Structure formats: structure tokens, C-alpha cells
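Engineer: My questions will all concern the structure given below.
The values are calculated or read from the model by the stated rules, or taken from the named source; none is laboratory data. Quick caveat: nothing in here was measured; it's all calculated off a predicted structure. All accessible areas refer to the heavy atoms of the entire protein, side chains included, with ligands and DNA or RNA removed. Shrake-Rupley method; radii C 1.70, N 1.55, O 1.52, S 1.80 Å.
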Amino acid sequence: MTATLGDRVATNLPGITVSPTVDLQNTHVTQLLTAVQSILCTPETEPSHESVDAIARKYFHENYEQHVDGKVRNYEGLVSHLLAQKKVLDGMDVHYERVIAKGNMVATYLHVKGKKKDGSVVEGSAIAVFKFAEDGRVIRCDENSEMHAAGEDADLGSRT
């Protein structure tokens, strides 16, 4: 499942790398990485609410709640956020620097590098704690994101 790339380990998920210490045997960790890869790392020519919802529903519970950068959103707000990102980005690479998993909780520190549809690049980082429901989908996320960008892209980590 992995190949070492210096201080990064490639996974079998295109666009996702992790630090060598990340436990890729943990079910919640692999579920989270798969969700991010399926939704954010995979480009979509013409994303729609329906296409994003169809993928997100596999990984995020209908009672999902997220607290991000001072905003609170539910499942529909998440879909709107993901759609807003997919309309601007033509995929992204995500590197998980740190991942800590215990019980039904996973905490992450990650870096993202996204290619915008206009060809420019945006980068950012985030710290997030995820809680998984009994059915294995994410039901809560507490996140602080920082885009290393100015102007119109400064809110890309929490835009809807």
C-alpha cells in the first residue's frame, strides 16, 4: 500500500501522502484518507451539487456538524463547501504530517497544494479532529484551516 518518498509515504490513493508514522492499518484513518481522496483530490470537469453529494454521502453522516474557522455547518453546508472548492480547484495533493487515532476519533495536521482551474496554485494547512459515527462515517469535525494565499483564495479552506 505504500512507497517511501523521503519523509513522505505514498499511499495507493492518488494525491495522498502521509508521514511514515501514520497508522494506515487503522480503519478510521483509511476511511478519512479515502474520503479526502475521493472528494478533493479527484478533479471533476463540471461539479454539481448532486455529484458532490453522491460522493460525500458515502463518507459523511447526514447529521454531520463542522466547526471551521469560526463557522458552523451541517451536512448540506459541507456539500456546498466541497462544491465551492471543486468549482475552483482542478484537484489537490494532501500530505498528512501527523495523524493520531484513538477510538472513534482521528486528529490530523495536514498540508494541501491545489491546482486551480486557471493553472495557478494555492497552498494551505489545517488541523482537524474528526469523530466517526457507529456506521463508520464522519459525524463531526472541528477544524482550523489556513490558506497561504491572499485575496480571493484566503477563504478557500472554509468557503461555501
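Engineer: Output the Cα-based Rg and Dmax of region 81-131 in Å, rounding Rg to one decimal and Dmax to a whole number.
Structural biologist: When restricted to Cα atoms, region 81-131 yields Rg and Dmax of 13.0, 41 Å.
Engineer: With a probe of 1.4 Å, find how much accessible area region 9-95 has per residue, and write the answer as a whole number in Å². Present the calculation step by step, with values, prior to reporting the outcome.
Structural biologist: Numbers: 3860 Å² over 87 residues.
Here the per-residue accessible area is 44 Å².
Engineer: Considering lysine pairs in the chain that are 8 or more places apart or on different chains, how many have Cα atoms under 21 Å apart?
Structural biologist: Total qualifying Lys-Lys pairs in the chain comes to 15.
Engineer: From the phi of every residue in region 36-50, what ³J(HN,Hα) in whole Hz does the Karplus formula 6.51 cos²θ - 1.76 cosθ + 1.60 yield, where θ is phi - 60° and glycine or proline is x?
Structural biologist: Taking θ as phi minus 60°, the curve returns 4, 5, 5, 8, 9, 7, 8, x, 9, 4, 10, x, 10, 4, 5 Hz for region 36-50.
Engineer: Sorted from largest down, give the three principal axis spans of the alpha carbons of region 1-139, whole angstrom values.
Structural biologist: Result, largest extent first: 39, 35, 27 Å.
Engineer: Over region 31-159, what percent of the accessible surface lies on carbon and sulfur atoms, probe 1.4 Å?
Structural biologist: Values: 3180 of 6270 Å².
Carbon-and-sulfur percentage of accessible area, whole number: 51.
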